[in-house]
Amino acid sequence: MGIPLVMADRNDMWGGRFAAGPDAIMEATNASIGFDRRLAPQDIAGSKAHAAMLAAQDILSDSDAAAIREGLDTILSEIEGGGFEFRIDLEDIHMNVEARLKALIGEPAGRLHTARSRNDQVATDFRLWVRDQIDVAVEGLAALQRALLDQAEAGADWVMPGFTHLQTAQPVTWGHHMMAYVEMFGRDAGRFRDARARMNESPLGAAALAGTSFPIDREATAQALGFDRPCANSLDAVSDRDFALEFLSAASICAMHLSRLAEELVIWASAQFRFVTLSDRFSTGSSIMPQKKNPDAAELIRAKIGRILGATVALFTVMKGLPLAYSKDMQEDKEQVFDAADALALSLAAMTGMVADMAANRDALRAAAGSGFSTATDLADWLVREAGLPFREAHHVTGALVAKAEVKGCDLADLTLDEMQAAHPGITEGVRDVLGVDNSVASRTSYGGTAPVRVREQVARWRAALV
Ligand code: ARG
């Protein structure tokens, strides 16, 4: 929102530098309506719950409560319809709504603020907003996991190179690689759920900081707003922003996971790898190079961690050192959280679309799976199992064979039996069984291993968990 600075009297000391007088500058600094208007639905829900409770407790007449309820409903539809005039001179969403309520229903509007303060009001609104965003994130994560599960199921036995240090390590299955991300995003969803359970307490009724002398029913407002219980300490209730910090922390970890997957997609989509083809829907062309198809969506998701983690650091920095209870510093809690939540929701949706649309290039994966002596560990394991060598010695013998193949410019499987027996006489033709990538992945049946049989079990487990 643009800041409507009006010309006012300039301050003699420093006014030459400013187009506006001190009052307008103060207003621009102080107002939060430019961003906290996003809390309007939560603010109105909180006010309706508060008014109903006041009436039930005989603090407010039923007719006043009804007028307030109807007025608030009108305001909500005005806001949703875009016809509401947000005023910077009314500072924030709470006072904008209340002023409009006064214009609509007159005197009863002034009774709504009995036994509450903007301090518990904003804490309540913001919790409700963050709680909704947690639900959005959990749903977005489930959708992404389903897209990954589809990929994993289709390619449960497709071989590809597994990497450590981005160097070919051992063959793995495409399904196994996809399922690694299913695990990561499953933990992310768990973190969001944990945060939700902890934050789901109502600050409403804590009033400014000390509670109130009115006979309010905090259990009732908590229940009406879907909270599990009221916050037990009024000072803590108005000064706590842990819920936002936990949301941002969980969002940061999730954004980091998204960034890692995005980076793999960028690498895999390159001409050098060709592991995947990304759909046109999530790619762009170049204005100068006609052959280009750029993985822009993946690159942007890779970058979003910057603003999400930035928001996390920003809010920690705002909150550190604040004395109890409310301080205006805390108004700086919202914009960053809004931005981070938007970025996360968009990233999850874009990643879900990209994963659902991408085509794994099975042949390219297979060709790469066998390169780089990826079955060297299988050879060493064979020497342990079949020739009785201690693993360290088997490692050494295999290393010598890798060096020989490297000199010859061939794969391990292309060495002759004579060449192999020169490295160790116990080697027989039977070793060739383990030098193939399919046998290699099929043999890794330990729990959590890459064998297709294990991958399919994990797919089934997650399918059942996600319904
Ligand atoms: N706009 C304020 C905020 O976002 C609302 C609370 C104001 N409370 C006060 N005591 N000034 O934090």
Query - DSSP-loop GluC sites (Glu not before Pro) across the stretch 38-89, with at most 14 other Cβ within 10 angstrom - result: Glu85
Requested in this report: Taking the dipole about the Cα centre of the stretch 68-144, with the C-beta of Lys and Arg at +1 and of Asp and Glu at -1, give me whichever of Gly110, Val138, Leu72 is farthest to the positive side.
Outcome: Gly110
Report summary line: From highest to lowest solvent-accessible area (probe 1.4 Å; ligands, DNA and RNA excluded), Ile288, Ile79 read Ile288, Ile79
Query raised in the report: What percent does the relative contact order of the stretch 134-194 come to when contacts are Cα pairs within less than 8 Å and at least six residues apart?
Result: 41 percent
Query raised in the report: So how exposed is Val467, as accessible area in Å² (1.4 Å probe, rounded to 10)?
Result: 150 Å²
Query raised in the report: Between rounded, prolate and oblate, where does the stretch 307-368 land on the alpha carbon gyration tensor, with a ≥ b ≥ c its root eigenvalues, rounded for a/c under 1.5, else prolate if a/b exceeds b/c?
Result: prolate
Query raised in the report: In the chain, what percentage of the DSSP-assigned beta bridges are antiparallel, given to the nearest 5?
Result: 80 percent
Query raised in the report: Using alpha-carbon pairs under 8 Å, 6+ residues apart, how would you state the relative contact order of the chain in percent?
Result: 16 percent
Query - Accessible carbon and sulfur surface of the chain relative to its total accessible area, %, 1.4 Å - result: 53 percent
Requested in this report: Calculate one ³J(HN,Hα) per residue across the stretch 299-310 by plugging θ = phi - 60° into the Karplus curve 6.51 cos²θ - 1.76 cosθ + 1.60, and present them in order as whole Hz with x for glycine and proline.
Outcome: 5, 5, 5, 4, 8, 4, 3, x, 6, 6, 5, x
Report summary line: With all protein chains in place and a 1.4 Å probe, Lys320 shows an accessible area in Å² (nearest 10) of 150 Å²
Report task. Could you order Cys410, Cys254 so the one with the most accessible surface comes first? Probe is 1.4 Å. Result -> Cys410, Cys254
Report summary line: With the 1.4 Å probe rolled over protein heavy atoms, the chain has an accessible area per residue in Å² of 47 Å²
**Report entry** Value of D in µm² per second that Stokes-Einstein yields for the chain, Kirkwood Rh from Cα pairs, at 25 °C (0.890 mPa s)
**Finding:** 92 µm²/s
Report task. Between beta-carbons, use under 11 Å as the cut-off and find the net charge around Asn30, counting Lys and Arg +1, Asp and Glu -1. Result -> -4
Report summary line: Measuring from the longest principal axis of the C-alpha atoms of the chain, the long axis of helix 118-154 (C-alpha) lies at a number of degrees, nearest 10, equal to 20 degrees
**Report entry** Total charge dipole magnitude, the chain, about the Cα centre, Cβ charges on Lys, Arg, Asp, Glu only, Debye to nearest 20
**Finding:** 720 debye
Query - Phi-based couplings in Hz for the stretch 410-427 (Karplus 6.51, -1.76, 1.60; Gly and Pro marked x) - result: 10, 7, 4, 5, 8, 6, 6, 4, 4, 4, 5, 5, 5, 7, 7, x, x, 6
Requested in this report: DSSP loop (so not H, G, I, E, B), at most 13 other Cβ within 10 Å: list which GluC sites (Glu not before Pro) in the stretch 172-273 pass both filters.
Outcome: none
Report task. Show Ser270, Ser63 ordered by accessible area, largest first, where the area counts protein heavy atoms only and the probe is 1.4 Å. Result -> Ser63, Ser270
Query raised in the report: If one takes the longest principal axis of the Cα atoms in the chain, at what angle in degrees, from 0 to 90 and to the nearest 10, does the Cα axis of helix 391-408 lie?
Result: 80 degrees
**Report entry** Where trypsin sites (Lys or Arg not before Pro) fall in DSSP loop in the stretch 337-394, at most 13 other Cβ within 10 Å
**Finding:** none
Query raised in the report: Across the chain, how many lysine pairs, 8 or more apart or on two chains, come within less than 24 Å at their alpha-carbon atoms?
Result: 7
Requested in this report: Report the one residue of Ala297, Val313, Ala349 whose Cα lies farthest in the direction of the positive end of the charge dipole of the stretch 230-386 (charges on C-beta: Lys and Arg +1, Asp and Glu -1; origin at the Cα centre).
Outcome: Ala297
Report summary line: From DSSP H assignment alone, runs of 4+ in the chain each adding -39500 (n - 2.57), the sum over residues rounded to the nearest 500 puts [θ] at 222 nm at -20000 deg cm²/dmol
Report task. Give, as a single signed number, the net charge of other residues whose beta carbon lies under 14 Å from the beta carbon of Gly71, with Lys and Arg counted +1 and Asp and Glu -1. Result -> -2
Report task. Work out from phi, with θ = phi - 60° and the Karplus expression 6.51 cos²θ - 1.76 cosθ + 1.60, the ³J(HN,Hα) of each residue of the stretch 357-362, listed in order in whole Hz, and give x for Gly and Pro. Result -> 8, 6, 10, 6, 8, 4
Report task. Count the net charge of all other residues whose Cβ sits under 13 Å from the Cβ of Ser117, scoring Lys and Arg as +1 and Asp and Glu as -1. Result -> -2
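The values are calculated or read from the model by the stated rules, or taken from the named source; none is laboratory data. Keep in mind it's a predicted model, so treat the numbers as computed, not measured. Counting neighbours? That spans all protein chains shown, and the Cβs are built from the backbone with ideal geometry, glycine included. Just so you know, the surface numbers come from the protein's heavy atoms only, side chains and all, with ligands and any DNA or RNA stripped out. Shrake-Rupley method; radii C 1.70, N 1.55, O 1.52, S 1.80 Å.
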